[in-house]
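> Provided herewith is a single structure, encoded as structure tokens, for subsequent inquiry.
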Amino acid sequence: MLWSPAFAGAVSARAQTSHRPVPGASTAEPRTTVLIHLFTIIAGARSLVRDEVPLPLRLRKRERNFASEVIAFASGLGGCCWDFIVLWSPDSSMAVTDSGMEEKQQDKDCGKGTSPTVKKLKRYWDESQTKEGANDSARMEEPRDDGQNSAGKKRKMKPGEKWQKRPGGRKLVSGKEDPFPGPAPIPQEKIMKFERGKKTKLRQVSNRKLKGRLKTLETKVELAKTQAARFDLLLPEEAGFLEGDEGEDTCTIQQEDIAEAVDITSGSKHFNLILNQFGPYRLNYTCNGRYLLLGGRRGHVAAMDWHTKSLMCEMNVMESINDIKWLHTENMFAVAQKKWLYMYDNQGVELHCVKKFNDVLKMEFLPYHFLLATCSATGFLQYLDISIGKEIAAICTKSGRLDVMTQNPHNAIIHLGHPNGTVSLWSPNLKEPLVKMLCHRAAVRAVAVDNTGTYMITSGLDRKLNVYDVRSYGLLHSYVIPFGASHLSFSQRSLLAAGCGDTVQVYKDVHVKPAHKPYMVHRVQQGVHGIQFCPYEDVLGIGHGEGFTSMLVPGAGEPNFDALENNPFRSQKQRQEWEVKALLEKVPPDLITLEPGKLGEVDFLTLKQKHKERVERLGFDPLAKEKFEPKLKKKGRSSSGQLLKRKKKVAQEEQRKLIQESVEKKLHQEKAKKKREKIALLGQRSTLDRFKK
């Protein structure tokens, strides 16, 4: 390609006349970069073709032909390169056709000095620009609605008026308006599902820095809540359910019929293990629902991956077993044997023998605190921190033998059932029970609390099943079961399983409305010794005298799991990472309270507390009433007799006020006493009044 002097002059003139400088435009030697040369050449060629640079008449036709060849060569390199050049040029008015450039030019036009006419193609962005121009002109005609007049000055706001955004959605690439502007609306029910406590009252916070931090925190909480509710619609799985035919009860459907109706993978989850030598058996699932632990009364212990039916370890401890429990991972489990508490790994190797924990009957593991809570036949409630191997607390309940225990998953409070029909709530921070409730007229046999920590269900020897609201400690419903329930268990979706003799009954929504019949019923060969719902599975594990039974219960488990919290399919590396993070995020046992939501609230100081702190800081009470000292008066009115007389008068007035306050207090107490006597006479005395001091 030739570099003519006239063409170089055109390039330099183009660089001087354009609004933006043309890269590489110079009459000296061209730059080394080929791309910059190409852009420079094409810019100069386009200037010559449009006759922007003044040239002599004899050179005009030759140079214009040369520029047309340059543009045709550039258009042959590719559409993307030419599009970039057209967009980069400040006044792009030429278009390239499929054959390069169609230039309709006549010699007459060259003689007259007129520019050639080039056919312009219609691009998709031209339509959007036309529409935008029409919309802009229409907007210019309309009166402004954003608080400014046509001159650009802000207009005055009327009292009570607010700024309003202009209607219309965001425009797309094609130039069309979005028919649904803004984010998609979220149902309020979904947002309420992820509600965690009440909002902080920022008006009561006087510290500016603290107020700003709390405001930022509230913004993050709202964002997390809305995002969780929005992505809740994208969850892949749905909860199962069981529906019978018209006039058919679901409790009459057999397990074999369910196993045949479902897919092969779900059907394989119903199985029986015949272990009639060392029973009856207790069982426990891991938090992710992948591994199963079995413990026979006569010393048989087995750990297995029940999904693949692969055995991890099996042994006989040659001693009676009272209870078994997985610890934080599937690598360790605890066994409450006849004398002491033992720790084993997943290969059956004994790790520890904790002799401080003797005669243990029941165990509960608190996963977020790394605490193993045990209750013994001697009436002691003990806490063991497995992360450091130390006993945190040992509490004497003074209630005799303890063989009924469960935990509240919401606040890690331990619920104990006693032979006198009461249920007590315990924390490792206090030596006395937090709450003591009279639930039955006979001994308590089983206790269960749902995952939300709101409802507690108890069963006793009086064959009653009572549902309590833990927030108000009030009785909601009461059922009479023919044989009484010896074991209770809640599922993740609030299904209740009750073991009654050799029958297991599953109830649905017992805490919401009275249940007149069970949801499902299954019968085993011998008496039930332990039941537990498997997490994230529609499976109920039943330990009995003849071994173990896995029962299918549609709709029992949570269909979607959080892989960062409990992942049933995690690898060894993922488990190790999770274990390290869980230890770093371990919750101290001092934070176990009845209302964990109050730990994040701001402690607003009352007027009395502020006054108390002020007195401690100053060393005296600035608001205290000073001792009366009579003023000095003349003309014999400040004699000793007159001073004493005035002091007695003030003292009598103060004594009169104290007497009036005491009389009013006595009248109030008498009224309250009469009201209590009246309630007692009417027979409306509550059963919980016997615990009031």
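> Just to be sure before I move on: is ILE191 at pLDDT 85 or above and assigned to a helix (DSSP H, G or I) in the structure I sent?
The answer is yes for ILE191.
> If you go through segment 600-613, how many residues are at pLDDT below 85 and open to solvent by less than 100 Å² (accessible area, probe 1.4 Å)?
7
> While we're looking at this one, here's another question. In this structure, does LYS131 turn out to be out of contact with any Cys (no Cβ under 6 Å at 6 or more places or on another chain), modelled with pLDDT under 80, in a helix (DSSP H, G or I) and surrounded by 10 or more Cβ atoms within 10 Å (Cβ to Cβ)?
Here the answer is yes, as LYS131 does meet what is asked.
> Check segment 308-321 and report whether any residue there is surrounded by fewer than 19 Cβ atoms within 10 Å (Cβ to Cβ), under 33 Å from the mean Cα position of the chain (by Cα), at pLDDT below 95 and on the phi < 0 side of the Ramachandran plot.
Yes: one or more hits.
> Can you name every residue in segment 287-307 that is farther than 12 Å from GLY541 by Cβ, within 36 Å of the chain's Cα centre (by Cα) and not in a strand (DSSP E or B)?
Listed by number, the residues that qualify are CYS287, ASN288, ARG290, HIS307.
> In segment 588-599, which residue that is modelled with pLDDT under 85 and open to solvent by 70 Å² or more (accessible area, probe 1.4 Å) is nearest to PRO367 (Cα to Cα)?
Applying the filter and picking the extreme gives LEU599.
> Would you pick out the residues in segment 304-351 that are hydroxyl-bearing (Ser, Thr, Tyr), more than 14 Å from LEU294 (Cα to Cα) and without any contact (Cβ under 8 Å) to a residue 60 or more places away in the chain?
Of everything in segment 304-351, those that are hydroxyl-bearing (Ser, Thr, Tyr), more than 14 Å from LEU294 (Cα to Cα) and without any contact (Cβ under 8 Å) to a residue 60 or more places away in the chain turn out to be THR308, TYR342.
> Something else: Against the definition (farther than 27 Å from LYS610 by Cα and either open to solvent by 100 Å² or more (accessible area, probe 1.4 Å) or assigned to a loop (DSSP other than H, G, I, E, B) (or both)), how does GLU222 come out, yes or no?
no
> Can you confirm whether segment 535-545 contains a residue that is modelled with pLDDT of 85 or more, in a loop (DSSP other than H, G, I, E, B) and more than 24 Å from the chain's Cα centre (by Cα)?
Within segment 535-545, one or more residues are modelled with pLDDT of 85 or more, in a loop (DSSP other than H, G, I, E, B) and more than 24 Å from the chain's Cα centre (by Cα).
The values are calculated or read from the model by the stated rules, or taken from the named source; none is laboratory data. This one's a predicted model, so the numbers in the text were calculated from it and none came from an experiment. Cβ sites come from the backbone with ideal geometry, for glycine too, and all protein chains shown count toward neighbours. Heads up: the accessible areas ignore ligands, DNA and RNA and are worked out on the full protein's heavy atoms, side chains in. Shrake-Rupley method; radii C 1.70, N 1.55, O 1.52, S 1.80 Å.
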